[in-house]
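Trainee: Got a structure for you, questions after.
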Amino acid sequence: MGTLPVTTVRPAGWIWASAVVFAFAAFFLPWIGSGSISLDRVLAKIPPDYPIFVQLRVSRTLLGLLAGGSFSLTGCLFQAMLRDSLATPYTLGVSAGAALGAVLTLALDLNHLLGLPAVWVGSMAGAAVILVIVAGASAKQGKLSGVRLLLSGIALNSICTAFILLISSVVKDRRAFSITQWLLGSVDAVSYRALFVFAVLVVLVSIIVMTQGRGWNLLAMGEAWAGSRGADLRRLTIVGYCCGSVITAAAIALTGPIGFVGLIVPHLVRSRISTDNRILMPCALLLGGVLLATCDTIGRIVLAPAELPAGAVMALIGGPYLVWLVRRRF
Amino acid sequence: MNHRLAVRDVSYQYDGHSVLNGVNFSADGGEFIVLMGLNGAGKSTLLDIVAGLRVSAGGEVLLNNRNLSSYSAKERSRQISHLPQGTRADLPFTVRQVVLMGRYPYADSWFESDEDHAYAQDAMLRMDCLQFRDRLYATLSGGEQQRVLLAACIAQCPSLMLFDEPSTFLDVHQQLQCFSTLSELAREGALCIAVTHDLNLALAYCSRLLILNQGRLVEDFAAHKAAENPAWLSLLSPRLHMAQTPEGKPWVHYR
């Protein structure tokens with residue numbers, strides 16, 4: 001029985017390396033696009049380069065980085081909580097709820113609600129409603145169990161999906177087109193104010209989630225196992241469910257459903273770097289952002305001046321890769 | 001009345017029907033207790049209640065004269081480790097990572113301290129799994145996995161250790177190794193309680209037997225007195241018969 005060589009890269013090294021890749025992507029990706037942008041003109045704030053760069057490219061890249069990170073972090077979280085390597089941000093129904101809320105506002109042709117873009121309000125409201133329903137349905141004697149969350153989440157997921165299909169088949173004209181467009185998931189330029197709120201949310205949630213890294217490791221081995229190692233199951237389940245739901249709903253509100261990144265990145269990081277959630281989660285957050293932002297960049301250059309939605313690029317590249325990974329590892 | 005563990009009149013209901021009914025016993029460090037009974041007799045439930053994973057419907061559990069429900073989760077798990085049945089890891093954790101999980105109640109920092117690593121190392125050495133510390137837990141055989149989980153429980157340094165069918169999936173030699181380790185842990189001062197269905201394994205290693213029947217604790221005797229009144233065997237099966245090993249120890253054979 002030989003021993004395998006111990007990994008020589010220190011755990012923190014992987015996190016720093018991911019952070020470097022993230023920073024590199026944040027600086028580099030905005031320069032790529034259908035029209036070339038000159039550094040001199042941007043620095044001199046000369047239009048059209050300067051406004052295109054700042055208003056479109058940079059905000060879009062930042063949104064891709066943050067949304068991809070949120071989906072990936074939630075993927076890691078739900079996979080550990082449910083001990084299911086196929087769990088995605090979609091699994092617990094919240095994403096479908098957010099999507100339903102957004103589709104509803106598109107179908108009703110609402111532009112603004114409460115002074116905010118209606119799609120955001122719709123997604124957040126949809127997510128909140130589903131969160132309460134799923135949590136309520138799976139709580140029993142004051143306890144939340146992963147299995148019950150999973151089953152009620154899947155049930156609610158199908159119900160919401162059914163409603164989305166129903167609405168899109170009833171709605172006609174350009175609204176139907178905008179629903180289809182939205183459901184594909186795309187990274188578009190958003191206001192810096194929205195980005196700032198989203199960024200604050202992602203940072204807060206990441207801190208809360210990542211400081212519980214050891215707890216997620218325990219949960220990934222089973223609830224009974226985690227409980228007798230001293231983990232507070234109830235608190236972990238509630239914290240994990242709420243944190244994952246909040247950033248997923250926020251990400252969906254801004255980009256549409258691109259949850260696939262939340263399946264592929266955690267698996268990629270697990271197979272290359274570590275299963276330990278203390279390393280996995282920060283790396284997945286950073287690299288998931290890079291992956292989505294990169295997919296978005298690819299989507300805006302391959303068919304330029306037309307654009308492929310980031311969600312489609314992600315599925316086209318990520319799907320085959322995942323199949324290959326599964327063939328190698330399972 | 002100073003016992004490490006005192007179970008007082010514990011009862012438990014599940015979906016309206018009674019699983020445990022007025023269970024009473026107390027135990028101290030150094031004892032290795034085997035809990036037996038037919039399937040559904042309430043063994044795992046009792047173990048879960050003693051572990052603090054389930055709250056009993058009636059009665060109380062005292063650990064070091066203090067009600068178990070007054071312990072925080074971390075406080076409790078510095079005292080009690082529980083090895084549940086059927087722990088699987090679908091996600092690719094290494095053996096070292098699994099054993100280090102036993103140090104959860106001690107570490108506050110992001111990563112485990114050198115001390116935690118030292119405890120894990122000792123536990124792996126003891127359970128003979130140090131040689132595959134960097135392998136993936138999921139790729140080990142059932143027996144090797146069980147040793148890794150036991151190592152995690154040992155790394156937890158508890159004074160009360162609970163094992164739910166620890167020798168399931170082990171080959172005969174590993175079963176013997178497992179039970180002699182448990183009795184060794186008890187000799188070093190821990191209180192060990194294990195559920196098993198293997199009568200002879202229990203009689204060879206444990207110091208005391210508890211038998212649950214339909215949620216009631218019906219027998220409680222020292223292992224060396226097992227042969228004195230073998231009527232308890234009929235609680236487990238009518239086909240059991242008490243005999244003796246050549247050394248004069250009790251031995252159960254089947255008819």
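Where a number appears in this text, it was derived from the coordinates with a stated rule and is not lab data. Since the model is a prediction, treat every value here as computed from it, not as a measurement. As a convention, Cβ positions derive from the backbone with ideal geometry for all residues, glycine included, and neighbour counts pool all protein chains shown.
Trainee: Please arrange B:75, B:165, B:115 by how many other C-beta atoms lie within 10 Å of their C-beta, fewest to most.
Mentor: In order of increasing Cβ crowding within 10 Å: B:115, B:75, B:165.
Trainee: Further question on the same structure: So for the protein assembly as shown, what are the equivalent ellipsoid semi-axes in whole Å, largest first, each being the square root of 5 times an eigenvalue of the Cα gyration tensor?
Mentor: Numbers: eigenvalues 600, 133, 73 Å².
Each semi-axis is the square root of five times an eigenvalue, giving 55, 26, 19 Å.
Trainee: Something else about it: Going by how many other Cβ atoms sit within 10 Å of their own, how do B:193, A:301 line up, fewest first?
Mentor: Values: B:193 28, A:301 13.
Exposure proxy ranking, most exposed first: A:301, B:193.
Trainee: What whole number of Å gives the distance from the Cα centroid of the range B:183-255 to the Cα centroid of the range A:79-117?
Mentor: Between the Cα centres of the range A:79-117 and the range B:183-255 lies a distance of 57 Å.
Trainee: Using a simple charge model, +1 on the beta-carbon of Lys and Arg, -1 on the beta-carbon of Asp and Glu, nothing else, what dipole does the range A:24-329 show about its Cα centre, in debye to the nearest 20?
Mentor: Once rounded to the nearest 20, the dipole reads 660 debye.
Trainee: Order by neighbour count: A:324, A:182, fewest other Cβ atoms within 10 Å first, most last.
Mentor: A:324, A:182
Trainee: Order of B:217-230, A:36-49 by packing, highest average Cβ count within 10 Å first?
Mentor: Output ranking for B:217-230, A:36-49: B:217-230, A:36-49.
Trainee: Right, next: Tally Lys and Arg at +1 and Asp and Glu at -1 over the other residues with C-beta under 14 Å from the C-beta of residue B:200: what net charge comes out?
Mentor: -1
Trainee: Now, a different point. Pop out the ³J(HN,Hα) list for the range A:231-245 in order, Karplus 6.51 cos²θ - 1.76 cosθ + 1.60 with θ = phi - 60°, rounded to Hz; leave Gly and Pro as x.
Mentor: Per residue, the Karplus-derived 3J(HN,Hα) values read 7, 8, 4, 4, 5, 4, 5, 5, 4, x, 5, 5, 4, x, 5 Hz.
Trainee: Suppose every Lys and Arg Cβ carries +1 and every Asp and Glu Cβ carries -1, with no other charges. What dipole size does the range B:148-237 come out with about its Cα centre, to the nearest 20 debye?
Mentor: 180
Trainee: In whole angstrom, note down how far apart the Cα centers of the range A:163-182 and the range A:196-242 are.
Mentor: Between the Cα centres of the range A:163-182 and the range A:196-242 lies a distance of 37 Å.
Trainee: Less than 15 Å Cβ to Cβ from residue A:311, Lys/Arg counted +1 and Asp/Glu -1: what total charge do the surrounding residues give?
Mentor: Computed value for this residue: -1.
Trainee: Let me ask another. Taking the dipole about the Cα centre of the protein assembly as shown, with the C-beta of Lys and Arg at +1 and of Asp and Glu at -1, give me whichever of A:282, B:241, A:249 is farthest to the positive side.
Mentor: A:249
Trainee: Under 30 Å Cα to Cα from residue B:225, which lysines show up? Leave out anything in the same chain fewer than 8 places away.
Mentor: Leaving aside lysines fewer than 8 places away in the same chain, those within reach of residue B:225 are B:43, B:249.
Trainee: Pick out which of B:61, B:19, B:172 has the largest mean-square fluctuation in a Gaussian network model of chain B, springs linking Cα atoms closer than 10 Å.
Mentor: B:172
Trainee: Right, next: Give, rounded to the nearest 20 debye, the magnitude of the charge dipole that the protein assembly as shown has about its Cα centre when Lys and Arg contribute +1 at Cβ and Asp and Glu contribute -1 at Cβ. Can you show the working numbers first?
Mentor: Working: 46 positive and 38 negative charges, 182 e Å.
Roughly 880 debye, rounded to the nearest 20.
Trainee: So who's got an amide H within less than 5 Å of the one on residue B:19, skipping anything under 5 residues away but keeping other chains? H placed 1.01 Å off N, in plane.
Mentor: So residue B:19 has HN proximity to B:12, B:13, B:14.
Trainee: Counting alpha carbon pairs within less than 8 Å and at least 6 residues apart, what relative contact order, in whole percent, applies to chain B?
Mentor: About 25 percent, as a whole number.
Trainee: Give, as ranges by residue number, the residues of the range A:94-131 whose backbone N falls under 18 Å from the point 7 Å along Cα→Cβ of residue A:173.
Mentor: A:104-112
Trainee: Other chains' Cβ within 10 Å of B:191-203 residues: what's the mean?
Mentor: The shielding value for this peptide is 0.
Trainee: Which residues' amide hydrogens lie under 5 Å from the amide hydrogen of residue B:221, considering only partners 5 or more residues apart or on another chain, with H built in the peptide plane?
Mentor: Answer set, sorted by chain and number: B:209.
Trainee: How many partner chain Cβ atoms sit within 10 Å of a residue's Cβ in peptide B:145-152, on average, as a whole number?
Mentor: Taking all residues of B:145-152 together, the mean is 1.
Trainee: What are the ³J(HN,Hα) couplings of the range B:205-213, residue after residue, when phi is run through the Karplus curve with 6.51, -1.76, 1.60 and θ = phi - 60°? Round to Hz, x for glycine and proline.
Mentor: 10, 7, 9, 7, 10, 10, 10, 9, 9
Trainee: Tell me the net charge near residue A:297. Cut-off is 12 Å between Cβ atoms, residue A:297 excluded, with +1 for each Lys or Arg and -1 for each Asp or Glu.
Mentor: +1
Trainee: GNM, chain B, Cα, under 10 Å: largest mean-square fluctuation among B:129, B:192, B:206?
Mentor: B:129
Trainee: Which whole number of Å³ per residue matches the convex hull of the alpha-carbon atoms in the range A:24-329?
Mentor: Spread over its residues, the Cα hull of the range A:24-329 gives 138 Å³ apiece.
Trainee: Still on this model: Cut-off 10 angstrom, C-alpha nodes, Gaussian network model of chain B. Which of B:79, B:175, B:244 fluctuates the most?
Mentor: B:244
Trainee: So, one more: Farthest toward the dipole's positive end in the range A:1-158, which of A:17, A:101, A:53, given Cβ charges of +1 (Lys, Arg) and -1 (Asp, Glu) about the Cα centre?
Mentor: Of the listed residues, the answer is A:17.
Trainee: Moving on to the next point. Residue-wise, which Karplus ³J(HN,Hα) couplings in Hz belong to the range A:107-114, taking 6.51 cos²θ - 1.76 cosθ + 1.60, θ = phi - 60°, and x for glycine or proline?
Mentor: Couplings: 5, 7, 6, 7, 9, 9, 10, 6 Hz.
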